Amino acid sequence: MFKFILIYDEEKLFDAEVMEVKTDTENGIITILDKHQQHMSKISQNITYKTQNGSQTIEFSEGFLYTNGEVCFAVIDK
């Protein structure tokens, strides 16, 4: 489990522990897991995060994602 923060229009839509984050990047689909290597990329279309209670998918036009292995941030524009 790792912390995932999803931001839209300068507001937090989600801020909690997740098991994985999956999204489309410029280079294909990426899945972020706990202790993932540092990564930053432009993202588009949708992002899915999985918690112990299930998964949630958010559709959007564009954004970016950053992880340092302990925290993952996604900033999106619907």
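The values are calculated or read from the model by the stated rules, or taken from the named source; none is laboratory data. All values derive from a computational prediction rather than experimental measurement. Glycine also receives a Cβ, built like all others from the backbone with ideal geometry; neighbour counts cover every protein chain displayed. SASA here: full protein model, heavy atoms, side chains in, ligands and nucleic acids out. Shrake-Rupley method; radii C 1.70, N 1.55, O 1.52, S 1.80 Å.
Points worth noting:
- The chain - Rg and Dmax from Cα coordinates, angstrom: 11.1, 30
- For the chain, GluC sites (Glu not before Pro) are listed when DSSP marks them as loop and at most 11 other Cβ atoms sit within 10 Å of their Cβ; the list is GLU10, GLU26, GLU70.
- Solvent exposure of segment 1-76 amounts to 62 Å² per residue of accessible area, where only protein heavy atoms count and the probe is 1.4 Å.
- Positive-end ranking of SER44, LEU6, THR23 along the dipole of the chain, with charges on Cβ about the Cα centre, is headed by THR23.
- Under a model in which nothing but the beta-carbon of Lys, Arg (+1) and Asp, Glu (-1) is charged, segment 8-78 shows a dipole of about 240 debye around its Cα centre.
- Of the solvent-accessible surface of the chain, computed with a 1.4 Å probe and all protein chains present, 43% belongs to carbon and sulfur.
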